[in-house]
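Working notes for the structure below.
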Amino acid sequence: MELLDWLRPDGLAQGEFLFLIAISALTSAMTAMMGVGGGAVLIAVMANIMPPVAVIPVHGTVQLGSNLGRVLTMQQHIRWPLVGWFALGCLLGSVLGGQIAVSIPTHWLKLIIGSFILYSCWLPLRTRLGGGRSGILLGAVTAFVGMFVGVTATFVIATLRNTLPERMELVGTMAALMAVQHALKALVFGLFGFAFFDWLGLVLLMIITGFAGTLLGKKALERTPSEYFSRGLKLVLTLLALKLLWDGASLWF
């Protein structure tokens, strides 16, 4: 217990510290099974426990570790050319996106993205992304969105569902794409002076338990019939989209 107390950041009670470590495993298992959802649950929990200034950088770093764990265990299923084009798009979106986005209210972005996700789930969306310019575009758009709304994974997987219908390929490629985005996010926060060292113990423990959750989730994914996976993914995306629409519309009430 003395070691855990030494690793625990100031401002976090012991119970909160242990709860965050445990929830990292559960949310990583969820993402490994569905490709999406765990990150949204985790950031919601963290926002109710941690200081606001630390939530996004710590969440991004933990998600980077969790996604790298999924990349390690699913590397043979990853569509690597798409990842490369996506990474280039993320760089462009990070550099140029802020100049365009400042004039768009966050609630409008949430309404637009939520509507797109619902459309992609319940109406025919035949767009397929093979790489090249389409991969760059996806990376640029999601890097731009990620500066204001924490829903990039939901947006990406809703777009990729038709391109990568095989569930292992979809989940593995999603892990690689999100690892790219979270690495860029961590780099930016580091350059802006966030004190990562103060949270290093929590981050490392959450990554370790997250990797254990990834292994369990991957085993569950391998045993899940394709039709159940497709239905479950549609349900998760629908719930996340409805949450976005609610958040976007709530500013008018």
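The values are calculated or read from the model by the stated rules, or taken from the named source; none is laboratory data. Bear in mind that the values here come from a model prediction, so they are computed numbers and not experimental data. Here Cβ is always computed from backbone atoms with ideal geometry, including for glycine, and neighbour counts include all displayed protein chains. We work out accessible area using only protein heavy atoms, side chains counted, and drop any ligands, DNA or RNA first. Shrake-Rupley method; radii C 1.70, N 1.55, O 1.52, S 1.80 Å.
Going by the conditions given, is Ile21 touching a residue at least 60 places away in the same chain (Cβ under 8 Å), closer than 15 Å to Leu205 by Cβ and of a type outside the set (D, E, K, R)?
Values: touching a residue at least 60 places away in the same chain (Cβ under 8 Å): yes; closer than 15 Å to Leu205 by Cβ: yes; of a type outside the set (D, E, K, R): yes.
Judged against the criteria, Ile21 is a match.
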- Task: Report yes if some residue within the range 195-202 is in a loop (DSSP other than H, G, I, E, B) and open to solvent by less than 70 Å² (accessible area, probe 1.4 Å); otherwise report no.
- Result: yes
- helices (runs of 4 or more DSSP H) wholly in the range 28-118 with at least 3 residues that are under 30 Å from Leu18 (Cβ atoms) and either modelled with pLDDT under 80 or not charged (D, E, K, R) (or both) - which ones? 38-47, 52-74
- Failed condition for Ala153, given (1) open to solvent by 20 Å² or more (accessible area, probe 1.4 Å); (2) assigned to a helix (DSSP H, G or I); (3) at pLDDT below 80, with all others met? (3)
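So how many residues does the range 9-54 have that are on the phi > 0 side of the Ramachandran plot and open to solvent by 40 Å² or more (accessible area, probe 1.4 Å)? Give the steps one after another, and end with the answer.
If we filter the range 9-54 for residues that are on the phi > 0 side of the Ramachandran plot, which is where we start, we get 11, 35, 37.
From the residues that got through so far, the ones that are open to solvent by 40 Å² or more (accessible area, probe 1.4 Å) too are 11.
The qualifying residues number 1.
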- Task: Starting from the range 139-165, keep only residues that are basic (Lys, Arg), then list their pairs with residues that are at pLDDT 80 or above and outside any loop (DSSP other than H, G, I, E, B) whose Cβ atoms are within a distance under 8 Å, requiring at least 6 positions of separation or different chains.
- Result: Arg161/Leu170; Arg161/Leu233
- Query: Is it true that Phe211 is surrounded by 14 or more Cβ atoms within 10 Å (Cβ to Cβ) and either under 15 Å from Thr61 (Cα atoms) or hydrophobic (A, V, I, L, M, F, W, C) (or both)?
  - Reply: yes
- Query: If you check every pair at least six apart or on different chains, which have Cβ atoms under 8 Å apart with a residue in the range 45-66 that is without any contact (Cβ under 8 Å) to a residue 12 or more places away in the chain and over 20 Å from Ala32 (Cα atoms) first and a residue that is part of a helix (DSSP H, G or I) and open to solvent by less than 40 Å² (accessible area, probe 1.4 Å) second?
  - Reply: Ala47/Val55
- Query: So, of the residues in the range 164-179 that are open to solvent by 20 Å² or more (accessible area, probe 1.4 Å) and part of a helix (DSSP H, G or I), which turns out to be nearest to Leu92 (Cα to Cα)?
  - Reply: Glu169
- Residue match in the range 180-193 (condition: open to solvent by 50 Å² or more (accessible area, probe 1.4 Å), of a type outside the set (A, V, I, L, M, F, W, C) and part of a helix (DSSP H, G or I)): yes
- Check Met168 against each of (1) modelled with pLDDT of 80 or more; (2) more than 19 Å from Arg70 (Cβ to Cβ) and name the one condition it does not meet. (2)
- Message: For the range 201-235, give me each residue that is at pLDDT below 85 and under 17 Å from the mean Cα position of the chain (by Cα).
- Response: Leu233, Lys234
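Can you give me the number of residues within the range 55-87 that are within 18 Å of Met206 (Cβ to Cβ) and touching a helix residue (DSSP H, G or I) at 6+ places or on another chain (Cβ under 6 Å)? Spell out the reasoning first.
First, pick out the residues of the range 55-87 that are within 18 Å of Met206 (Cβ to Cβ): 55-73.
The next check asks that each one be touching a helix residue (DSSP H, G or I) at 6+ places or on another chain (Cβ under 6 Å); those that pass are 55, 57-71, 73.
Qualifying residue count for the region: 17.
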- The condition from (1) under 14 Å from Phe155 (Cβ atoms); (2) at pLDDT below 75 that Arg126 misses is numbered (1)
